[in-house]
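Asker: Pasting in a structure now, in structure tokens, and then I'll have a few things to ask.
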Amino acid sequence: MRNPRVTVLLVSEEEHVKRHTAAPLALLGNAIRGALIGVVETIPGVSGGTVALVVGIYDDLIASAHHATSAVRRLVTGPDRKASFQEEFRKVQWALLIPVMVGMAIAVFTVAGPMEHLVTTYPEQVRAAFFGMVLASVAVPLKLAGLPLRVLDIFIIVGAAVATFCLLSLPLMRLEPTPLTIVCTAALAVSALVLPGISGSFLLLTFGLYESTMGAVKDRDFGYLGLFALGAVFGLIFIVKALRWLLTHHHRGTMVALAGMMIGALRSLWPWQSQEGQLLGIGDNWLILLVFLALGAALVLTLFVVEGMLAKPSVQQVPDQPVRQETPRRAQY
């Protein structure tokens, strides 16, 4: 009779091979997904987590980031550093994670300057386009949560939307880019990277560090960027651990909460705003901005179609018994 423990190890090894032997087309597709995430992260009001949800890699990114950070932690703290590190390292979907990170980096360093110019020169048009994109994207977490919605789902959506709206209504500040403020703000901004609806760029704008950060990227100020990366690592470790636990134990509740956050985040993308971020009434140019809004929504629909055409062998799921053993069965909430 086959030892059940041996069977589990064999299945896990098959998954490991499948994840790490992705076709070139899949790697290119993941790099494109990463580039899309990187582009929107340079725009205040739009979250890269929203794009990750739209292109279908959100859960896989959170899981891979969780295992990557756990591998580093086990290597440092133990016990059994080498074996524990290798165990977590093998669970990372590198064929997904590496292309996404490379695509993000290329996009950020390429479009940071032009995006800053667009946001400054055509703020209403840019906000209108991304208002349509985020509005259309709300359907994604709702679909992943499972329809129809329940009464509790409605309460969670409304609560998350109100909380996000209030957070994004905070008055703009003007912090000096000292090492401490750069590290702390980076930790918050990168947390927003993985939370659909909350924009890391918008948080930088709220704290008054958007222009200095975009300038550091444009001018290759590696001293500033090094401090920013340090804060980003700390923030990413914390938020990834928390999201991994929520997605594992309360997947449905987490998804409807993310949908509510995306709805509340539309506050920062309302086309008519003052320079201080105060909401204004609909202006005379509403028809033109409506066209941009429709174009943004159409772009999201196009992403749906493209995502369906791209092969994703690197993120296909196969039986993963070790993960099921180490975490309880998902609950509804």
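The values are calculated or read from the model by the stated rules, or taken from the named source; none is laboratory data. Because the structure is predicted, anything quoted here is derived from the model rather than measured. Methodologically, a virtual Cβ is constructed for each residue, glycine included, from the backbone with ideal geometry; neighbour enumeration extends over all protein chains shown. We work out accessible area using only protein heavy atoms, side chains counted, and drop any ligands, DNA or RNA first. Shrake-Rupley method; radii C 1.70, N 1.55, O 1.52, S 1.80 Å.
Asker: Please list, in order along the range 232-242, the HN-Hα scalar couplings obtained from phi with the Karplus expression 6.51 cos²θ - 1.76 cosθ + 1.60 (θ = phi - 60°), rounded to whole Hz, x for Gly and Pro.
Answerer: Those phi angles translate into 4, 5, 4, x, 5, 4, 5, 5, 5, 4, 5 Hz.
Asker: Another question, if that's okay. Would you kindly derive the ³J(HN,Hα) couplings of the range 286-292 from the backbone phi angles with the Karplus curve 6.51 cos²θ - 1.76 cosθ + 1.60 (θ = phi - 60°), listing them in order in whole Hz, with x for Gly and Pro?
Answerer: 4, 5, 5, 5, 4, 5, 5
Asker: Now, a different point. Under 5 Å between amide H atoms, partner at least 5 residues away or on a different chain: which partners does H250 have, H built in plane at 1.01 Å?
Answerer: Here the answer is A331, since their amide H atoms fall under 5 Å of that of H250.
Asker: Provide the descending list of Cα extents for the range 149-291 along its principal axes, expressed in whole angstroms.
Answerer: 50, 48, 25
Asker: Taking the dipole about the Cα centre of the range 19-151, with the C-beta of Lys and Arg at +1 and of Asp and Glu at -1, give me whichever of A52, A136, S64 is farthest to the positive side.
Answerer: The residue sitting farthest along the positive end of the dipole is S64.
Asker: In what sequence, largest accessible area first, do I98, I263, I57 appear using a 1.4 Å probe? Let's see the in-between values first.
Answerer: Values: I98 90, I263 70, I57 0 Å².
So, going from the largest accessible area down, we get I98, I263, I57.
Asker: In terms of the ratio Rg/(2.2 N^0.38 Å) built on C-alpha atoms, what value belongs to the range 123-207? Could the numbers behind the result be given before it?
Answerer: Details: Rg = 15.6 Å, N = 85, 2.2 N^0.38 = 11.9 Å.
My calculation over the Cα atoms of the range 123-207 gives 1.31.
Asker: Ranking request for peptides 126-134, 28-36: highest mean number of other beta-carbon atoms within 10 Å first, then the rest in descending order.
Answerer: In decreasing order of mean packing, 126-134, 28-36 become 126-134, 28-36.
Asker: So how do 207-219, 110-122 stack up, highest first, on mean other-Cβ count within 10 Å? Could you put the intermediate results ahead of the total?
Answerer: Values: 207-219: 18.3, 110-122: 15.5.
Final packing ranking: 207-219, 110-122.
Asker: May I ask you to order 246-258, 229-241 by the average number of other C-beta atoms within 10 Å around their residues, highest value first? List each step's numbers first, then the result.
Answerer: Working: 246-258: 20.6, 229-241: 18.2.
By packing density, highest mean first, the sequence is 246-258, 229-241.
Asker: Relative contact order, percent, of the range 58-165 when contacts are C-alpha pairs under 8 Å separated by at least 6 residues? List each step's numbers first, then the result.
Answerer: Numbers: 37 pairs, mean separation 19.4, N = 108.
Computed over the range 58-165, the figure is 18 percent.
Asker: Could you please tell me the mean projected area of the C-alpha convex hull for the range 51-145, averaged over all directions and given in square nanometres to one decimal?
Answerer: Working: hull surface 33.5 nm².
Taking the Cα atoms of the range 51-145, their convex hull projects to 8.4 nm² on average.
Asker: A follow-up question, please. Going from most exposed to least, what order do E124, E176 have by accessible area with a 1.4 Å probe? Could you put the intermediate results ahead of the total?
Answerer: Details: E124 55, E176 125 Å².
The ordering from most to least exposed comes out as E176, E124.
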